[in-house]
1. Which of the residues that make up segment B:160-174 are within 12 Å of chain A (Cβ to nearest Cβ) and of a type in the set (D, E, K, R)?
2. For A:V206, indicate whether it is in contact (Cβ under 8 Å) with a residue 40 or more places away in the chain and away from chain B (no Cβ under 13 Å).
3. Could you check segment B:191-223 and list, in sequence order, the residues that are within 9 Å of chain A (Cβ to nearest Cβ), of a type in the set (D, E, K, R) and in a helix (DSSP H, G or I)?
4. Taking into account only those residues within segment B:70-97 that are free of Cβ contacts under 8 Å to residues at least 40 places away in the same chain and among the polar types (S, T, N, Q), which is nearest to B:G120 (Cα to Cα)?
5. Take B:G121 and tell me if it is touching a residue at least 60 places away in the same chain (Cβ under 8 Å), more than 13 Å from chain A (Cβ to nearest Cβ) and surrounded by 15 or more Cβ atoms within 10 Å (Cβ to Cβ).
6. Where residues in segment A:91-114 are within 12 Å of chain B (Cβ to nearest Cβ) and not aromatic (F, W, Y), which of them is surrounded by the most Cβ atoms within 10 Å (Cβ to Cβ)?
7. Looking at (1) in contact with a helix residue (DSSP H, G or I) (Cβ under 8 Å, 6 or more places away or on another chain); (2) surrounded by fewer than 22 Cβ atoms within 10 Å (Cβ to Cβ), which one does A:P75 not meet, given that it meets all the others?
Amino acid sequence: MKTESKLQQILDNGQFGVTAEIGPPKHSSSEGMRHHAHMLKEHVDATNITDNQTAIVRLSSIAAGVHILDSGIEPIVQMTCRDRNRIAMQSDLMGAYSLGMRNVLCLSGDHQKFGNHPTSKNVYDVDSMQLIQLLRRMRDEKKFFSGEEIKEHEPRFFIGAVANPFADPFEYRVARLEKKVEAGAEFIQTQCIFDMERFERFMEMVRARGIDERVHILAGVTPLKGWRAAKYIQNNVSGMIVPEELVQRLKNAEDPKKEGVDICIEQIKYIKENIKGVHGVHIMAIAWEEVVPEIVERSGLYPRPKVN
Amino acid sequence: MIIAQQKPVKDIAAMISDCNKVLFVGCAGCVTVCLAGGEKETEILASSLRIMRKLEHKPIETVTFTATRQCDPEYIVALDNMVQEVDAIVSLACGVGVQYLAERFKDKWVVPALDTKFIGGATEHGVWEEKCGLCGDCVLHLTGGICPIIRCSKSILNGPCGGSQYGKCEISKDVDCAWQLIYDRMTALGKLDKLMEIQPPKDWTKSRDGGPRRAVREDVMIG
Amino acid sequence: MRLQYASNVRIVEMPCSGTIDHRVILHAFEDGADGVFVAGCMEGDCHFLKGNIRGKKRVNHVKQILDEIGFGGERVEFFNLSAAQGQRFAEIVKEMTERIMKLGPNPIKAVRGHTSCGGMSPTSTDGKEGGIA
């Protein structure tokens with residue numbers, strides 16, 4: 001079913017999509033975000049706004065979405081299952097839709113232990129799979145999660161989910177992706193790719209099951225600022241794989257930041273030219289939004305397609 | 001069974017700091033099995049507190065008793081005679097037992113010596129782990145006998161999440177990823193296709209979220 | 001061997017150091033002992049295989065409790081030695097006695113109060129030390 005999402009339009013037209021990420025601030029001013037949005041707006045099709053990522057309290061994704069929209073970019077609202085029960089989720093998402101947002105990314109969310117409020121209670125009323133399914137049903141069958149009818153103005157989101165080819169069990173990851181597609185996911189953003197070989201094996205299994213023809217997969221990439229950032233991810237983030245060669249390459253580089261950007265561009269070009277079934281890239285420039293325009297341009301992805 | 005652990009001695013001492021005669025009640029049920037509040041632990045606690053109070057030059061008189069269970073009214077009737085002259089009752093039972101004693105001896109200061117932690121079982125002698133989520137609507141037949149509510153840190157019913165790596169949960173290398181275990185078990189059972197079914201959201205009314213719960217067997221009720 | 005060792009030690013025999021109960025040690029201190037040591041066989045020689053290992057763990061647990069309540073875990077100790085090591089036993093007694101002398105008498109001995117047996121504990125009117133059990 002078609003939505004008003006510009007991202008959906010671009011992807012459904014068969015064009016290679018580009019999304020990026022804006023992390024809201026740990027305070028109540030929208031100034032920084034708006035600045036980032038202005039910086040990115042000609043270079044991306046839409047941007048994610050993270051939802052208390054790593055369970056660190058930040059300005060809310062939906063509120064940030066208002067600022068981003070106002071600055072000229074289409075937001076992708078991220079909603080985790082950690083902080084809200086199904087009542088709050090539906091309520092917030094209807095609000096988001098009323099404020100002009102058209103894309104939602106459904107995810108489980110990092111456990112609160114990682115954040116700055118580890119003593120809080122977590123919710124996890126529904127999981128990401130159920131959220132995808134029920135959001136889809138809200139749109140296509142006009143039903144609240146409880147099954148009650150939505151009489152009018154149902155929220156019609158373009159629904160996204162995440163896939164992590166680098167987590168375990170590897171063999172089951174593709175099956176679970178298929179399950180998410182069955183549930184109703186229409187676009188997928190993967191976890192950052194550093195282990196290209198594993199991603200290629202993943203995509204091979206995806207193509208074998210025909211999943212790439214049913215859903216738009218955007219490959220996640222991240223420019224690293226230096227070998228310490230790489231090392232940190234390698235050792236401290238569960239579910240991510242960073243090959244040692246990458247760490248060494250950054251360590252030996254004269255200008256690590258430039259090297260990090262070069263690596264990211266190489267990855268994007270490689271994926272675009274060699275891995276069939278990938279319909280776009282998702283550039284997660286963590287705390288480095290400024291570098292996204294250069295990455296997009298040097299990867300040959302500029303200018304972005306115009307939509308009505 | 002219920003697994004509990006004793007509070008730090010200092011904390012228990014603080015609760016009865018102005019008491020002169022205290023009754024320590026152990027429980028021969030779950031807390032005996034998990035070595036937290038049985039007869040032996042009760043006597044050790046009483047002895048520790050006697051020594052501690054003597055050091056403070058404020059001796060305490062102690063009486064110890066171990067009930068068969070503290071969660072059945074008929075087993076705590078035996079305490080009626082013992083509570084007359086005590087200033088406080090320290091219960092080494094789980095939270096249930098403490099409440100039963102407080103209920104029966106309304107005019108007595110009843111305090112918990114233990115922190116009731118979870119329901120689970122022993123994995124080796126001296127180690128107990130949480131196993132059951134008390135959700136009130138068991139789904140173990142769908143997950144090869146591994147509870148997704150409590151053994152998955154996010155209570156995911158369609159797992160695993162993206163943080164599962166090398167068979168461990170993202171929150172700690174010491175915690176197994178329940179969904180890795182479920183995947184392995186269902187594969188061994190030849191029932192992997194069951195995991196492709198989308199499990200709907202849980203009805204949490206049957207769990208703690210529905211309010212305090214109650215179970216009844218009408219056919220055995222006397223009154 | 002008929003070696004001399006101090007008369008301040010009272011010996012309590014047990015079939016295995018693994019049968020030591022936390023309560024026995026705590027009650028000894030409540031009854032006025034200044035120090036307690038548990039002598040177990042050499043590791044690997046336990047007739048019951050691991051009794052002496054359990055015994056050591058239990059003594060360490062009691063040490064922890066004694067530290068927590070402010071009595072001091074140094075007053076109790078576990079030693080490994082073989083039944084044939086008369087010399088070593090005398091050494092241990094000497095070592096423990098010196099340690100306890102430094103720590104002073106049992107701090108609760110002089111306090112009137114309630115004991116494990118339900119009676120009142122003696123005050124030290126006779127000047128005799130409670131000794132080591």
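1. Those that are within 12 Å of chain A (Cβ to nearest Cβ) and of a type in the set (D, E, K, R): B:K168, B:E170, B:K173.
2. yes
3. Correct list: B:D209 only.
4. The qualifying residue nearest to B:G120 (Cα to Cα) is B:N81.
5. Here the answer is no, as B:G121 does not meet what is asked.
6. Top of the filtered list is A:C106.
7. Here A:P75 meets the rest and fails (2).
Per-residue answers, yes or no, for (1) surrounded by 14 or more Cβ atoms within 10 Å (Cβ to Cβ); (2) at pLDDT below 95; (3) closer than 23 Å to A:A55 by Cα:
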| site | (1), (2), (3) |
| --- | --- |
| B:Q84 | no, yes, no |
| B:E103 | no, no, no |
| B:W128 | yes, no, no |
| B:C132 | yes, no, no |
| B:I149 | yes, no, yes |
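The values are calculated or read from the model by the stated rules, or taken from the named source; none is laboratory data. Bear in mind that the values here come from a model prediction, so they are computed numbers and not experimental data. Glycine also receives a Cβ, built like all others from the backbone with ideal geometry; neighbour counts cover every protein chain displayed.
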